[in-house]
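The values are calculated or read from the model by the stated rules, or taken from the named source; none is laboratory data. Remember, it's a predicted structure, so these values are computed and weren't measured experimentally. Cβ coordinates were reconstructed from backbone atoms using ideal geometry, including for glycine residues, and neighbour counts include every protein chain displayed. These area figures cover heavy atoms from the full protein model, side chains too; ligands, DNA and RNA do not enter into them. Shrake-Rupley method; radii C 1.70, N 1.55, O 1.52, S 1.80 Å.
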Amino acid sequence: MKALDIPLVDLPGSPTRGLARAVQLLPTGIAQSTLAKQIERERGERMPSLYLDLAAGRKHSEVEVLNGAVVRYGRETSVPTPVNLALTDTLRQLAAGTLIWDDFRGKPPALLTRVKMARKGQFGVL
């Protein structure tokens, strides 16, 4: 967003600017805890729309639009986006059936491995 000069704005019921500032200033563990609590509060008992898309067998999800856009704009501005690249690629493959859900379900290290691969440039272009 900074590279594209896009201002951060608060969302209804979510102090986005304050959370972003906290992430920048607080130690990583405290920032992660703060964000996790905010996400839990906002999500409540609702399942993520990505989960609903995949459970319904849809081949495309908002991840391609949202995280994929971060990857594309990152490339345009020479800003690395390994987390968004790993998420987009992984979820696209899960939706297509070329990766197996059970290899990732309840196994955060599996996704972290893919993020590390993306950081090393071991992922193709989306």
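Which of the following residues is out of contact with any Asp or Glu (no Cβ under 6 Å at 6 or more places or on another chain), modelled with pLDDT under 75 and β-branched (Val, Ile, Thr): 39, 30, 6? Talk me through it step by step, then tell me what you get.
Values: 30 fails: modelled with pLDDT under 75; 6 fails: modelled with pLDDT under 75.
Checking each option against the conditions leaves just 39.
Within the stretch 27-67, take every residue that is within 18 Å of residue 96 (Cα to Cα) and outside any helix (DSSP H, G or I) and give me the one that is nearest to the chain's Cα centre (by Cα).
Per the stated criteria, the residue is 61.
Can you name the condition, by its number, that residue 102 falls short on among (1) open to solvent by 30 Å² or more (accessible area, probe 1.4 Å); (2) touching a helix residue (DSSP H, G or I) at 6+ places or on another chain (Cβ under 9 Å)?
Only one criterion in (1) open to solvent by 30 Å² or more (accessible area, probe 1.4 Å); (2) touching a helix residue (DSSP H, G or I) at 6+ places or on another chain (Cβ under 9 Å) is unmet by residue 102, namely (2).
Here is a list of conditions, (1) open to solvent by less than 30 Å² (accessible area, probe 1.4 Å); (2) closer than 29 Å to residue 15 by Cα, and residue 70 meets all of them except one; can you say which number that is?
Here residue 70 clears every test but (1).
Being within 11 Å of the chain's Cα centre (by Cα) and of a type in the set (D, E, K, R) is the requirement here; does residue 76 meet it? Let's see the steps before the verdict.
Numbers: within 11 Å of the chain's Cα centre (by Cα): no; of a type in the set (D, E, K, R): yes.
No, not satisfied.
Looking at 32, 38, 93, 24 in this structure, which one is in contact with a strand residue (DSSP E or B) (Cβ under 8 Å, 6 or more places away or on another chain) and of a type outside the set (A, V, I, L, M, F, W, C)? Working first, answer last.
Numbers: 32 fails: in contact with a strand residue (DSSP E or B) (Cβ under 8 Å, 6 or more places away or on another chain); 93 fails: in contact with a strand residue (DSSP E or B) (Cβ under 8 Å, 6 or more places away or on another chain); 24 fails: in contact with a strand residue (DSSP E or B) (Cβ under 8 Å, 6 or more places away or on another chain).
When all the criteria are applied, what remains is 38.
Is the stretch 89-103 home to any residue that is closer than 30 Å to residue 4 by Cα and over 16 Å from the mean Cα position of the chain (by Cα)?
No, the stretch 89-103 contains no residue that is closer than 30 Å to residue 4 by Cα and over 16 Å from the mean Cα position of the chain (by Cα).
Find all pairs meeting these conditions: Cβ atoms under 6 angstrom apart; at least six residues apart or on different chains; first residue within the stretch 1-25 and within 21 Å of residue 81 (Cβ to Cβ) and in a loop (DSSP other than H, G, I, E, B); second residue open to solvent by 100 Å² or more (accessible area, probe 1.4 Å) and not hydroxyl-bearing (Ser, Thr, Tyr).
As it stands, the answer is 8/17, since those pairs meet every condition given.
Going by the conditions given, is residue 45 acidic (Asp, Glu), exposed (fewer than 14 other Cβ atoms within 10 Å of the Cβ) and closer than 21 Å to residue 115 by Cα?
no
Please go through the stretch 78-99 and pick out each residue that is β-branched (Val, Ile, Thr) and surrounded by 13 or more Cβ atoms within 10 Å (Cβ to Cβ).
From the stretch 78-99, those β-branched (Val, Ile, Thr) are 79, 81, 83, 88, 90, 98; that's our starting set.
Within the stretch 78-99, 79, 81, 83, 88, 90 qualify.
Is there any pair linking a residue in the stretch 73-92 that is on the phi > 0 side of the Ramachandran plot to one that is surrounded by fewer than 17 Cβ atoms within 10 Å (Cβ to Cβ) and at pLDDT 90 or above, with Cβ under 9 Å and at least six apart or on different chains, and which?
That search, which allows pairs on different chains as well, returns 78/3.
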